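So the structure is just underneath, and the comments pick up after that.
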Amino acid sequence: MNKKEWLLSEVYKNRRLVLSLAKNDFKTKYAGSYFGTIWAFVQPIVTICVYWFVFGLALRGGSDRGVPFVLWLVAGLVPWFFLQEGLMGGTASMIEYNYLVKKVVFNIRILPVVKLLSALIVHGFFILIIVVLYAVMGYFPDLYYLQIIYYSFCLFVLILGLTYLTSSVVVFFRDLGQIITIALQVGVWVTPIMWDFADLGIAGSLQTILQLNPVFYVVQGYRDSLINQKWFWEHPVYTLYFWALTIGIFIFGTRMFRKLQMHFADVL
């Protein structure tokens, strides 16, 4: 295979294999357990309920958000769950599929895409849950909801770029997996998901610094689509910043992957 071939063309040529592997990855992740794939949805739902109780009920948070706190909360948590599942799964893809990495004829560049598509299945389910939950509580879909597709795509590209980088490095530096786990634990609190800038009185340069987190763009985008009724082009500076950073991460990640992939089989 031509080493200079574009990644997207590789994925397209192997699209049936990618979809088949993604479907199989989703199923086998919970193979052997009594409830099977149900566990993919139980943990995020329990997490949402815990945060809702702590911040929305016990601490009486989120009274001035325009919607019930649980709706504001899930709009931020659902994209974070996708980031968490996609990044952790994609990072471990070379190690998990080491038997395929060692096959000379197998195109290992599609493996991070496979893991990300597997995570996308769960993400799609939770988007449907969000729409139903909003409708049950009297907030019915409108045209702004279509932006969820755009913001999901934004997050998909961002995670894919990151996983090409992390999946190639973790082969040689296994501690990276633990570092990412800790970074995600910190990130969920640094990103305004359970709190808002107004809650903590954050403004000025500190707020600007926190908004440089590319995940903030996606989380805020979900809330703009579901609650605030704002289009993504109403934030031109953040939109340009997000895509400049994301494309930079993607290019760097794929180049690093191409550079290191020839050594994967030797290490694994």
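The values are calculated or read from the model by the stated rules, or taken from the named source; none is laboratory data. The model shown is predicted, which means the values in this text are computed figures rather than measured ones. We place every Cβ from the backbone using ideal geometry, glycine too, and count neighbours over all the protein chains shown. Accessible surface is based on the protein model in full, side chains and every heavy atom, while ligands, DNA and RNA are left aside. Shrake-Rupley method; radii C 1.70, N 1.55, O 1.52, S 1.80 Å.
Show me the helices of the chain, taken as full DSSP H stretches, that run 27 Å or more along their long axis by Cα and average 0.5 or above in Kyte-Doolittle hydropathy. Don't jump to the answer; show the numbers that get you there.
Working: long enough: 69-91 (33 Å, 1.35); 111-136 (38 Å, 2.46); 147-169 (33 Å, 1.63); 236-260 (36 Å, 0.92).
Helices meeting the span and hydropathy rule in the chain are 69-91, 111-136, 147-169, 236-260.
Tell me, what % of the accessible area of the chain is carbon and sulfur with a 1.4 angstrom probe?
Details: 9720 of 14190 Å².
Looking at the chain in its full context, I get 69 percent from C and S.
Measure out, as a whole number of angstrom, how far apart the alpha-carbon centroids of the stretch 71-113 and the stretch 178-256 sit.
About 20 Å separates the Cα centre of the stretch 71-113 from the one of the stretch 178-256.
Treating only the Cβ of Lys, Arg, Asp and Glu as charged (+1, +1, -1, -1), what charge dipole size does the stretch 201-268 show about its Cα centre? Round to the nearest 20 debye.
That gives a dipole near 140 debye.
In the chain, if the dipole is taken from +1 on Lys/Arg beta carbons and -1 on Asp/Glu beta carbons about the Cα centre, which of Ile149, Tyr134, Phe257 is farthest to the positive end?
Projecting each Cα onto the dipole axis, the largest value belongs to Phe257.
With a cap of 14 neighbouring Cβ atoms within 10 Å, and only residues DSSP puts in a loop, list the trypsin sites (Lys or Arg not before Pro) found in the stretch 75-151. Write down the numbers at each step before the final one.
Working: sites: Lys102, Lys103, Arg109, Lys115; in loops: Lys102, Lys103.
Taking the stretch 75-151 and a limit of 14 other Cβ atoms within 10 Å, the loop trypsin sites (Lys or Arg not before Pro) found are Lys102, Lys103.
For the stretch 92-226, what is the accessible area per residue in Å², given a 1.4 Å probe and the full set of protein chains? Before the final figure, lay out the partial values.
Numbers: 5900 Å² over 135 residues.
With all protein chains present, the stretch 92-226 gives 44 Å² per residue.
Would you calculate the volume per residue, in Å³, of the smallest convex hull containing every Cα atom of the stretch 165-245?
Taking the convex hull of the Cα positions in the stretch 165-245, it is 123 Å³ per residue.
To the nearest 20 debye, what is the magnitude of the charge dipole of the chain about its Cα centre, counting +1 on the Cβ of each Lys and Arg and -1 on the Cβ of each Asp and Glu?
Values: 20 positive and 13 negative charges, 218 e Å.
Using only the charged Cβ atoms, the result is roughly 1040 debye.
Report the gain in length on full extension from Asp199 to Trp243: 0.36 nm times residue separation, minus Cα-Cα distance, nm rounded to one decimal.
Details: separation 44, 0.36 × 44 = 15.84 nm, distance 2.83 nm.
Here the segment from Asp199 to Trp243 would lengthen by 13.0 nm.
Let me check against my output: what whole-number percent is the relative contact order of the stretch 111-255, with C-alpha pairs under 8 Å and at least 6 apart? All intermediate terms of the calculation are to be shown ahead of the outcome.
On the way: 90 pairs, mean separation 56.2, N = 145.
That works out to 39 percent.
Return the calculated 222 nm mean residue ellipticity for the chain, to the nearest 500 deg cm²/dmol, obtained by summing -39500 (n - 2.57) across DSSP H runs with n ≥ 4 and dividing by the residue count.
Details: 14 runs with 180 residues, N = 268.
Taken over the chain, the calculation gives -21000 deg cm²/dmol.
Which of the listed residues, Leu226, Leu111, Gln178, is farthest toward the dipole's positive end in the chain, when Lys, Arg count +1 and Asp, Glu count -1 at the beta-carbon?
About the Cα centre, the residue reaching furthest to the positive side is Leu111.
Using the charge dipole of the chain (Lys, Arg: +1 at Cβ; Asp, Glu: -1 at Cβ; taken about the Cα centre), state which of Ile209, Thr28, Val267 has its Cα farthest towards the positive end.
Most positive-ward Cα: Val267.
Counting every Cα pair in the stretch 157-204, what percent are over 15 Å apart? Display every interim value, and only then the final one.
Working: 676 of 1128 pairs.
Beyond 15 Å sits 60 percent of the P(r) for the stretch 157-204.
Please go through the residue pairs Lys27/Lys102; Lys103/Lys259; Lys13/Lys103; Lys102/Lys259; Lys27/Lys259; Lys29/Lys102 and name each one whose alpha carbons sit more than 26 Å apart in this structure. Write down the numbers at each step before the final one.
Details: Lys27/Lys102 23 Å; Lys103/Lys259 18 Å; Lys13/Lys103 18 Å; Lys102/Lys259 16 Å; Lys27/Lys259 32 Å; Lys29/Lys102 21 Å.
From Lys27/Lys102; Lys103/Lys259; Lys13/Lys103; Lys102/Lys259; Lys27/Lys259; Lys29/Lys102, over 26 Å: Lys27/Lys259.
Quick one: compute the contact order of the chain, relative version, from alpha carbon pairs under 8 angstrom and 6+ residues apart, as a percent. Could you put the intermediate results ahead of the total?
Numbers: 262 pairs, mean separation 68.8, N = 268.
Worked out over the chain, it gives 26 percent.
In 5 Å bins starting at 0, how do the alpha-carbon pair distances of the chain split up by percent?
Reading the bins upward from 0: 1, 5, 12, 16, 18, 16, 13, 9, 6, 3, 1, 0.
Might you report the magnitude of the Cβ-based charge dipole of the stretch 87-227 about its Cα centre, with Lys and Arg at +1 and Asp and Glu at -1, to the nearest 20 debye? List each step's numbers first, then the result.
Numbers: 6 positive and 6 negative charges, 133 e Å.
Here the size comes out at about 640 debye.
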